[in-house]
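This report refers to the structure that appears directly beneath it.
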Amino acid sequence: MENKKAIKLVDKIVTDLDKNGINKDTLIDDLKSLREFALEEQIPLVVKVLRYTYEHIEENDSFLIPIPDDEPVEEDEEATADNTSNSDPVESLKYLVSLTRSVNNKTNVADLREYRDALKDF
């Protein structure tokens, strides 16, 4: 995102997640505020992902979507893949929020699309 206030809000959300974990009260309000910046900048993918994210947190009291995989998981690695930070709710949410900082990056857009699809299918 281009807006300096939006970038500061992204940093605040990530810092709050580090300090407090998933605190629904402030987190949902911050995500809604961040979504407003995305609406102003007309970034529909970010708008949708953020809405799906705070609705998911409201319903589940956590963030249950893992970080998208960079590469397909080999069968030998499947058992260990479940125990990585990819399934940590705080780490996954921090990653999702940090993706919104730079939506000009193709990798970020691809990962945001994966999050969107995973949230929609959850």
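The values are calculated or read from the model by the stated rules, or taken from the named source; none is laboratory data. Fair warning: this is a prediction, and the values are worked out from it, not measured in the lab. Quick reminder, even Gly has a Cβ in these numbers, built from the backbone with ideal geometry, and neighbours come from all protein chains shown.
For region 103-122: of the residues being in a loop (DSSP other than H, G, I, E, B) and touching a residue at least 40 places away in the same chain (Cβ under 8 Å), which is surrounded by the fewest Cβ atoms within 10 Å (Cβ to Cβ)? Ranking the qualifying residues of region 103-122, first place goes to 122.
Per-residue answers, yes or no, for (1) of a type in the set (Ser, Thr, Tyr); (2) touching a strand residue (DSSP E or B) at 6+ places or on another chain (Cβ under 8 Å); (3) under 17 Å from residue 91 (Cβ atoms); (4) crowded, with 16+ Cβ neighbours inside 10 Å:
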position: 13; (1), (2), (3), (4): no, no, yes, yes
position: 18; (1), (2), (3), (4): no, no, yes, no
position: 28; (1), (2), (3), (4): no, no, no, yes
position: 48; (1), (2), (3), (4): no, no, no, yes
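Take region 7-47 and flag every residue that is among the small types (Gly, Ala, Ser) and either free of Cβ contacts under 8 Å to residues at least 60 places away in the same chain or closer than 20 Å to residue 114 by Cβ (or both). 33, 38 - these are the residues of region 7-47 that are among the small types (Gly, Ala, Ser) and either free of Cβ contacts under 8 Å to residues at least 60 places away in the same chain or closer than 20 Å to residue 114 by Cβ (or both).
Within region 1-45, being among the aliphatic types (A, V, I, L, M) and part of a loop (DSSP other than H, G, I, E, B) holds for 1, 22, 43. Could we say that residue 41 is of a type in the set (D, E, K, R), at pLDDT 95 or above and closer than 22 Å to residue 11 by Cβ here? Answer is yes for this residue.
For residue 60, state whether it is modelled with pLDDT of 95 or more and either surrounded by fewer than 18 Cβ atoms within 10 Å (Cβ to Cβ) or not polar (S, T, N, Q) (or both).
Working: modelled with pLDDT of 95 or more: yes; either surrounded by fewer than 18 Cβ atoms within 10 Å (Cβ to Cβ) or not polar (S, T, N, Q) (or both): yes.
The answer is yes for residue 60.
So in region 63-89, with the set limited to residues that are among the β-branched types (Val, Ile, Thr) and surrounded by fewer than 16 Cβ atoms within 10 Å (Cβ to Cβ), which one is modelled with the highest pLDDT? Steps first, answer last, please.
Kept after step one, since they are among the β-branched types (Val, Ile, Thr), are these residues of region 63-89: 65, 67, 73, 80, 84.
Then drop every residue that is not surrounded by fewer than 16 Cβ atoms within 10 Å (Cβ to Cβ), which leaves 73, 80, 84.
Numbers: 73: 49, 80: 40, 84: 46.
Residue satisfying both the conditions and the ranking: 73.
Scanning region 1-44 for residues that are of a type in the set (Asp, Glu) and over 15 Å from the mean Cα position of the chain (by Cα) yields 2, 25, 36, 40, 41.
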